[in-house]
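Pasting in a structure now, in structure tokens, and then I'll have a few things to ask.
Quick note: the coordinates plus some simple rules give every number you see, no bench work behind them. Because the structure is a prediction, the values reported are computed rather than measured. No Cβ is skipped: glycine too gets one built from the backbone with ideal geometry, and neighbour counts run over all protein chains shown.
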Amino acid sequence: MEPIEIKAILEQALTLDEIFVKGEGSHFEVIAVSGVFESMPSVKKQQMIYAPLMEHIATNVIHALTIKALTPAQWARDKKLIQPL
């Protein structure tokens, strides 16, 4: 699976302001930015990103997924520290 495919799946399933995906093979990193993450616990943010990808995780097409789910305010603050993928 290619990062662009993961990006397309997440863009179609979720309302995101920005999404960055990188990786190769079966290991990927996602930075997702959305106002919907406001006051949402970290576990719920992770579950929201995992949900549309579960079919690919279950078949081990995606083996490892690192997720940073940020609000627009968090992204504005942290994007200087986090290298966009």
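Can you list which of the trypsin sites (Lys or Arg not before Pro) found in segment 44-82 are DSSP loop residues with at most 10 other C-beta atoms within 10 Å?
In loop regions of segment 44-82 (DSSP not H, G, I, E or B), the sparsely surrounded trypsin sites (Lys or Arg not before Pro) are 80.
What is the magnitude of the charge dipole of the chain about its Cα centre, with +1 placed on the Cβ of each Lys and Arg, -1 on the Cβ of each Asp and Glu, and no other charges, expressed in debye to the nearest 20?
340
Can you pull a Stokes-Einstein diffusion coefficient for segment 1-74 at 10 °C (1.306 mPa s), Rh from Kirkwood over Cα pairs, as a whole number of µm²/s?
So the translational diffusion coefficient is about 130 µm²/s.
For segment 5-43, which GluC sites (Glu not before Pro) are in a loop by DSSP, counting at most 16 other Cβ atoms within 10 Å?
Answer by residue number: 38.
Now for a different question. What is the helix-to-structure angle for 3-13, meaning the angle in degrees between its Cα long axis and the longest Cα principal axis of the chain, kept from 0 to 90 and rounded to the nearest 10?
70
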